[in-house]
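Peer 1: If you scroll down you'll find the structure; I have some questions about it.
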Amino acid sequence: MSTPSHARLEAGADSGTDSGTASGTATGARSATAAAPALPQGSLVPPPARNGPDFAALDALRAVGALCVLTTHVAFWSGDYTGNGFWGTLLARLDVGVALFFVLSGFLLARPWLAATADRRPTPATPDYLWKRFLRIAPLYVVTAALALAFVRSNADLSWGDRIATLLMLDTFRSPLLPGGLTHMWSLAVEVTFYLALPALMVALLGRRRVRAARGLRPARVLVGIAALVVVTAWWHLDGAARVSPHTDGAPLQWLPAYLSWFALGLLLALAHVLHERGAWERLTAPLVALGRQPGSCWALAAGLLLVAATPVAGPSMLDAPTPGQSLTKSLLYAVVGLLVVVTGVFADPTSRYARVLSHPSARRLGWISFGIFCLHLPLLHLVMWATPWELFEGHGVPLWLLTLALSLVAAEVSYRLVERPAMRLRGLVGSRSASRPGSRTPSGPATSSPTSGTSIR
């Protein structure tokens, strides 16, 4: 795939990477998700309300993705891509943080539908789901976009039409060039497209409401659908994007079809977790559970695949376009890296040191504010370069990283308190459908989770 993170070099020199968890018993699965230590009362702003399982370790893994994205941007701006050989290319490949985001979203968003269908309960109401997604993404995105459009100098000549398209998150459908300070938002546009497509995708994988109520979850059908999503991504990289490109001014390799395989692996983890909770399909769940209980091996394998991605087989690290084969290779390598990292949070042994570290309140805190880190770090990088004597591509990588990180953490904390949390308090404006409305069936298996996701997405 053409590396969306480096699809352009504008006047202010934005790079556009983005962004921005083997026993077959239900008891074992539930204990793995409820292992988070109690949060200190009054010391932290609480996260959005949860009424499903609390995948505590996934909060920290979301923060890992955000920090990867921040680091690869700083490395590009400081010139560390080109000045450090293989190490520089490896820094470029930290855009793999986007894959972590997408696998996490696939898992956390699909799981409520799968769990409800398995228990023959009502699935999430689409208006309720879409309203919550809007509140989670739109307020901080609009604030970030408004700041970048107003203060990044390279955006001064944008027309009102361009500005409105940016606020509506339509840039990648109109042009491969995103506004200064917002080039990382291509991935958020992909994620929002997935949000919109998910209800229809769940109908395709699970059947219509009456079918779901009568037959429950059919894992084989879901697995076929997951495989089909991977095939669509492969076709898009090898042929589909090239067919569409002559008919659009946008950037087809920054559209959802190019990344369906990343979301699909999140769906696979969601299916495995739901089945594992219910002691079903152990031939599928047991290997993934065993893998997730070995985080050291998972991270080692992920690091090895990232090293492979830093070789020419995954294409160039700068602005040159890869071949279709290189584009697909990079996409598939990133998909597996995302799976290997996220599975350690989904099936973490709650008694392990790994789970305790990821579930620590400080680690989770970084996860709660990670969307702010993702959104705001690139406009802040513009600010740092404007306020210091440092020049683009002329080094100072470590101090540039430290300063950008510090400012991003502060800005993310402020935005979490003043924008994200107040927005999420509006969720009740669109009523949730009761999981036990008259005439609905109660779960036939062990009590598991409620139909909504426990961990907030990004």
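Peer 1: Just need a number here: residues in region 171-216 that are farther than 17 Å from Ala258 by Cα and among the hydroxyl-bearing types (Ser, Thr, Tyr).
Peer 2: So the count comes out to 1.
Peer 1: Please count how many residues of region 200-215 are modelled with pLDDT under 85 and touching a helix residue (DSSP H, G or I) at 6+ places or on another chain (Cβ under 6 Å).
Peer 2: Final tally of qualifying residues: 1.
Peer 1: So which residues in region 90-120 are in a helix (DSSP H, G or I), basic (Lys, Arg) and out of contact with any His (no Cβ under 7 Å at 6 or more places or on another chain), if there are any at all?
Peer 2: Arg93
Peer 1: Give just the number: which of (1) over 23 Å from the mean Cα position of the chain (by Cα); (2) closer than 18 Å to His382 by Cβ; (3) of a type in the set (A, V, I, L, M) does Ile164 not satisfy?
Peer 2: Evaluating Ile164 over (1) over 23 Å from the mean Cα position of the chain (by Cα); (2) closer than 18 Å to His382 by Cβ; (3) of a type in the set (A, V, I, L, M) leaves (2) as the failure.
Peer 1: Ok, one more. Restricting attention to region 131-159, report how many residues are assigned to a helix (DSSP H, G or I), farther than 15 Å from Arg427 by Cβ, open to solvent by 40 Å² or more (accessible area, probe 1.4 Å) and of a type outside the set (Val, Ile, Thr).
Peer 2: 6
Peer 1: Answer yes or no as to whether Phe101 is surrounded by 24 or more Cβ atoms within 10 Å (Cβ to Cβ), under 22 Å from Leu306 (Cα atoms) and modelled with pLDDT of 95 or more.
Peer 2: When the stated conditions are applied, Phe101 passes them.
Peer 1: Restricting attention to region 261-286, and to residues there that are part of a helix (DSSP H, G or I) and farther than 22 Å from Ser105 by Cα, which single residue is most open to solvent (accessible area, probe 1.4 Å)?
Peer 2: Restricting to residues being part of a helix (DSSP H, G or I) and farther than 22 Å from Ser105 by Cα, the top hit is Arg283.
Peer 1: Regarding region 290-301, can at least one residue be identified that is of a type outside the set (D, E, K, R), outside any helix (DSSP H, G or I), surrounded by fewer than 22 Cβ atoms within 10 Å (Cβ to Cβ) and on the phi > 0 side of the Ramachandran plot?
Peer 2: Checking region 290-301: not a single residue is of a type outside the set (D, E, K, R), outside any helix (DSSP H, G or I), surrounded by fewer than 22 Cβ atoms within 10 Å (Cβ to Cβ) and on the phi > 0 side of the Ramachandran plot.
Peer 1: Do any residues in region 338-360 that are closer than 11 Å to Gly292 by Cα and open to solvent by 30 Å² or more (accessible area, probe 1.4 Å) have Cβ atoms under 9 Å from those of residues that are of a type in the set (Lys, Arg) and in a loop (DSSP other than H, G, I, E, B), where the two are at least six apart or on different chains, and which pairs are they?
Peer 2: Asp349/Arg293
Peer 1: Let me ask another. For the condition open to solvent by 10 Å² or more (accessible area, probe 1.4 Å), among the small types (Gly, Ala, Ser) and under 21 Å from the mean Cα position of the chain (by Cα), what is the one hit in Ala363, Ala309?
Peer 2: Exactly one of Ala363, Ala309 is open to solvent by 10 Å² or more (accessible area, probe 1.4 Å), among the small types (Gly, Ala, Ser) and under 21 Å from the mean Cα position of the chain (by Cα), namely Ala363.
Peer 1: Out of region 120-161, which residues are of a type in the set (S, T, N, Q) and either in contact with a helix residue (DSSP H, G or I) (Cβ under 7 Å, 6 or more places away or on another chain) or closer than 20 Å to Leu381 by Cα (or both)?
Peer 2: Thr123, Thr126, Thr144, Ser154, Asn155
Peer 1: List pairs: first residue in region 266-289 and of a type in the set (A, V, I, L, M, F, W, C) and at pLDDT 90 or above, second residue open to solvent by less than 10 Å² (accessible area, probe 1.4 Å) and not in a helix (DSSP H, G or I) anywhere in the structure, Cβ distance under 7 angstrom, at least six positions apart or on different chains.
Peer 2: The qualifying pairs are Leu288/Phe347; Val289/Phe347.
Peer 1: Go through (1) more than 19 Å from Ala314 (Cβ to Cβ); (2) within 17 Å of the chain's Cα centre (by Cα); (3) among the charged types (D, E, K, R) one by one and return the number of the condition Asp128 breaks.
Peer 2: Against the list (1) more than 19 Å from Ala314 (Cβ to Cβ); (2) within 17 Å of the chain's Cα centre (by Cα); (3) among the charged types (D, E, K, R), Asp128 comes up short only on (2).
Peer 1: Right, something else. How many residues are under 23 Å from Gly296 (Cα atoms) and open to solvent by 20 Å² or more (accessible area, probe 1.4 Å) if we restrict to region 366-405?
Peer 2: Adding up the residues that qualify gives 1.
Peer 1: Assess whether Trp299 counts as being of a type in the set (Phe, Trp, Tyr) and in contact with a Pro (Cβ under 9 Å, 6 or more places away or on another chain).
Peer 2: no
Peer 1: Continuing with the same structure: Can you tell me which residue is modelled with the lowest pLDDT among those in region 67-89 that are among the small types (Gly, Ala, Ser) and assigned to a helix (DSSP H, G or I)?
Peer 2: Gly83
Peer 1: Kindly indicate whether Val64 is more than 19 Å from His273 (Cβ to Cβ), open to solvent by 30 Å² or more (accessible area, probe 1.4 Å), in a helix (DSSP H, G or I) and out of contact with any Cys (no Cβ under 6 Å at 6 or more places or on another chain).
Peer 2: In short, yes.
The values are calculated or read from the model by the stated rules, or taken from the named source; none is laboratory data. Being a predicted model, the structure only gives us computed values, none of them experimental. Neighbour counts run over all protein chains shown; Cβ positions are idealised from the backbone, glycine included. For accessibility, only protein heavy atoms count, side chains too; no ligands or nucleic acids. Shrake-Rupley method; radii C 1.70, N 1.55, O 1.52, S 1.80 Å.
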